Amino acid sequence: MDISVVFNMKRDSKKENVYEESPSSAGHRSVVVSDTEITKSDIIYDDLYAEWDDEDTILAVKSALEKEHNVSLIEANEYSYQKLLEKKPQFVFNIAEGIGSTCREAIMPSIFELLNIPYTGSDPLTLAICLNKARTKEILSYYKIPTSNFTIIQNENEINLGSLSYPLIVKPLHEGSSKGIYNSSFVTNYSELKNEIERIITLYKQPALVEEYLPGREFTVALLGNWRNIKILPIIEFNLDLLPEDANKIYSYEAKWIWDTVDNKLDGIHQCPATIDNNLKSQIEDICIKSFNALNCRDWCRIDIRLDKNGVPNVMELNPLPGIIPDPDAHSCFPTAARAAGMSYDELILSVLNIAIERYNKSL
């Protein structure tokens with residue numbers, strides 16, 4: 001079969017002259033004074049392309065698919081429509097995240113549907129909803145699936161918490177890969193809250209999601225399949241006690257990309273399989289399957305779970321375009337769970353494709 005991998009490749013935004021005014025929701029605003037230096041004082045880390053895949057990941061996906069198929073690469077940009085018309089692939093393996101739009105993950109799948117090209121993963125509606133954390137939580141609440149109480153703040157000068165109580169977590173409304181979620185996102189008073197809301201609105205050009213902090217253990221769960229035929233891979237627990245001594249117990253951008261790196265690993269940060277009893281395991285798996293189907297996810301998804309003060313699993317968010325870095329030392333969650341289930345990286349990628357093909361065959 002002729003397969004096209006559609007992707008966005010991570011790049012070093014510090015070397016690009018794109019920062020006089022960053023695109024909406026794309027990351028930090030700053031000033032470029034050379035091609036290598038950013039001097040704006042309010043920059044902590046540059047997370048502009050945090051959700052995009054690096055070259056090694058893209059080539060690893062291509063290599064895995066080439067075990068059984070003819071594979072081409074198409075970068076997701078303004079030329080993708082024409083390239084897809086020319087290539088006429090029989091199937092697309094979609095890992096494109098997009099940029100600069102609240103519906104950015106839905107753009108390429110919409111093009112696939114316009115061209116009648118089958119593809120892996122969730123449809124445009126599900127991708128758009130899951131990127132909006134508040135809409136996701138509203139749907140989860142409708143289906144009686146536990147999720148933390150929250151509110152949306154549009155203006156840092158008009159903060160109304162309603163019944164929410166501290167401590168709180170402040171996040172961008174529609175980002176992934178922990179973009180915008182830093183150690184400072186954990187707030188315990190109004191001053192900290194206002195500063196974080198202002199940071200989100202100013203730097204990410206979007207509302208802030210404010211939600212009650214869940215004090216319990218944190219997990220992430222990888223799922224493969226569709227509807228009644230969903231396989232749950234071994235659950236991962238984040239050992240947040242391994243974070244720096246002064247760090248808040250949240251899996252922040254620093255925890256994911258700064259403190260735990262290939263060159264400086266936090267060994268044990270991912271415990272897979274998680275050490276949990278059968279009752280908690282069953283609760284987590286049940287809530288994940290219900291969430292997967294409530295949001296109409298397809299083929300694969302990774303779901304983040306945290307226990308509340310009573311030990312009840314709550315869904316934090318769904319990731320229908322999960323990260324899939326191939327290097328085991330990178331601690332990428334979905335491949336970690338797959339390896340724990342006895343699957344190689346190539347087997348994981350081919351499984352996602354085959355699950356999608358089976359779904360299309362059943363719908364014909």
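At-a-glance table
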{"item": "The chain - Cys residues lacking any other Cys C-beta under 4.7 Å", "result": "103, 130, 272, 288, 333"}
{"item": "Debye-sum result for region 36-175 in log10 I(q)/I(0), which assumes one identical scatterer on each alpha carbon, at q = 0.12, 0.22 Å⁻¹", "result": "-0.70, -1.39"}
{"item": "Top positive-direction residue, dipole computed over the chain with Cβ charges, set 124, 207, 9", "result": "124"}
{"item": "Likely footprinting exposure, 257, 52, fewest C-beta neighbours within 10 Å first", "result": "257, 52"}
{"item": "q = 0.17, 0.20, 0.26 Å⁻¹: log10 I(q)/I(0) that the Debye formula gives for region 297-364, counting C-alpha atoms only", "result": "-0.74, -0.90, -1.13"}
{"item": "Lys, Arg +1 and Asp, Glu -1 on Cβ, resulting dipole of region 191-285 about Cα centre, debye, nearest 20", "result": "540"}
{"item": "Those aspartates and glutamates that a straight Cα-Cα span of less than 13 Å connects to residue 144, excepting residues fewer than 8 apart in one chain", "result": "286"}
{"item": "Sorted peptide list for 270-278, 220-228, 91-99, criterion being average Cβ within 10 angstrom, highest first", "result": "91-99, 220-228, 270-278"}
{"item": "CD proxy at 222 nm, helix term only [per DSSP H run n ≥ 4: -39500 (n - 2.57); per residue of the chain; nearest 500]", "result": "-9000 deg cm²/dmol"}
{"item": "Out-of-range pairs (alpha-carbon distance over 22 Å; input 171/256; 137/179; 179/231; 83/133)", "result": "179/231; 83/133"}
{"item": "Sequence of 108, 316 once ranked by neighbouring C-beta atoms within 10 Å, starting from the fewest", "result": "316, 108"}
{"item": "Nearest-20 debye value, the chain charge dipole, Cβ charges on Lys, Arg, Asp, Glu", "result": "1220"}
{"item": "Whether region 72-138 is rounded, prolate or oblate, judged on the alpha carbon gyration tensor where a/c under 1.5 counts as rounded", "result": "prolate"}
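Readers should treat all values here as calculations from the given coordinates under stated rules, not as data from a laboratory. Note that the coordinates shown come from a computational prediction; the quantities given were computed from them, not determined experimentally. Glycine also receives a Cβ, built like all others from the backbone with ideal geometry; neighbour counts cover every protein chain displayed.
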